[in-house]
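This report concerns only the one structure given below.
The values are calculated or read from the model by the stated rules, or taken from the named source; none is laboratory data. Just so it is clear, the model here is predicted, and its values are computed rather than measured. Counting neighbours? That spans all protein chains shown, and the Cβs are built from the backbone with ideal geometry, glycine included. Each accessible area value is taken on the protein alone, full model and side chains, heavy atoms only, with ligands, DNA and RNA left out. Shrake-Rupley method; radii C 1.70, N 1.55, O 1.52, S 1.80 Å.
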Amino acid sequence: MKRRTLLGLATGTLLAASGIMSGIASAQGISGAPAPFDKGGVKVALIVYLSGGDYYQNYEAGVKRQADKLGIELRSFQGRQKPDEQREQIRQAINLGVSGIIIAGGKGEAVSDVVQEALDAGIKIAVQNITLPQKEIIVIDQDESKQLNLVLEQAVKDNGDDFKAGYIYVEGFPALDKRDVAWQAFKKSHPGVSQLAQWGAVDDTPAQTVANQTAAVFRANPDINVVLAPWDEFARGAKIAVDEAGLNDQVKIYSVDVSTSDIQAIREPNSPWVATSAISAAGTGAAALRAIALSLTGELKETNILLPPTLITRQFLLDNDVKTEEELNAKLPEFALEHAVTAEWITKAAAPSN
């Protein structure tokens, strides 16, 4: 829902009707690469659905960096929670003559027919956080159940098995819905855990909306001592409310997804945000682009790609002086995904030149 995530969830504003083109590192082709990358000129479109938050800003940055390394012309279409607009963007991508499309987020039932038009045109499709029926689509996914279970295990470690929880959740988003399955199973296996309230919002300003909701929830449920926020924008909002209410010594926040701004918030003195589980957003975006590339060369072995999450605690960030997501990638190697969904020619193309 980043990151942020969904997958994270979100990125920027509509940039242009036909998208924004990234730079091209090797339009002439990559020496030793299989077709079509030996000749260059490959075009790929990135189409996102949600706005607000920074998960998909980082996701998009990862896609663009990988595209540049592979000499891919990337067209980025950024969304505003409008299925009709996303449909039109997919059609624009088809008309641009792209070889692949990455679709991040959206309502599958609203775009399935135009996705089929793209497939019929021979375009490779990779998706994240959207459910579509076509079996030939490449699905890039996070192990959502494991993501939530990692932070739930940490919550039990920190608070025991009888904490009183507030749960921030909005149904209808694939990543959140998968995480909810893990939460429901956890409650059944931990009968001492009580969920006192549930709330949430996905809009243009989710953190502030959730902050306002959380403040009201705390007033009505003063015994809450754990907030489960399975999207980092929810965690941001909960933290605002905890800080404003002066409940930092009473409430601990556990989330999914991470970004540089999240890291800064988690590191703040007496921060109630104590743990998150995440996969590098930039790494996930890059993996999606590599999946498209490998599909184009015929090297992709499977169409369902599950990426593993990593637990990140406030204590780890402080102990290792991690201040940014880039530093997290460097100091927590499993968080980065450079060795996922790749091939030797891609690794060589990404290596710095001497």
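Using the Cβ of Ile137 as centre and a radius below 14 Å, the other residues enclosed give a net charge of -4, where K and R count +1 and D and E count -1. For the chain, the normalised intensity computed at q = 0.06, 0.08, 0.10, 0.14 Å⁻¹ comes to -0.22, -0.38, -0.58, -1.06 (log10 of I(q)/I(0), Debye sum over alpha carbons, equal scatterers, no solvent).
Taking a ≥ b ≥ c as the square roots of the Cα gyration tensor eigenvalues, with a/c under 1.5 meaning rounded and otherwise prolate when a/b beats b/c, else oblate, which class fits the stretch 175-247? Taking the square roots of the gyration eigenvalues as a ≥ b ≥ c, the stretch 175-247 is oblate. Using C-alpha pairs under 8 Å with a sequence gap of at least 6, the mean separation divided by the residue count of the stretch 204-347 gives a relative contact order of 21 percent.
Ellipticity at 222 nm from helices only: DSSP H runs of n ≥ 4 in the chain, each -39500 (n - 2.57), divided by the residue count, give -13000 deg cm²/dmol.
Solvent-accessible surface of the chain, averaged per residue with a 1.4 angstrom probe and all protein chains in place: 40 square angstrom.
Measuring nothing but protein heavy atoms, the accessible surface of the stretch 158-238 at 1.4 Å probe radius is 49 percent carbon and sulfur. Extension gain, Ser194 to Leu318, is 41.6 nm, computed as 0.36 nm per intervening residue step minus the present C-alpha separation.
Relative to the current alpha-carbon distance between Leu247 and Glu327, full extension at 0.36 nm per residue lengthens the span by 25.8 nm.
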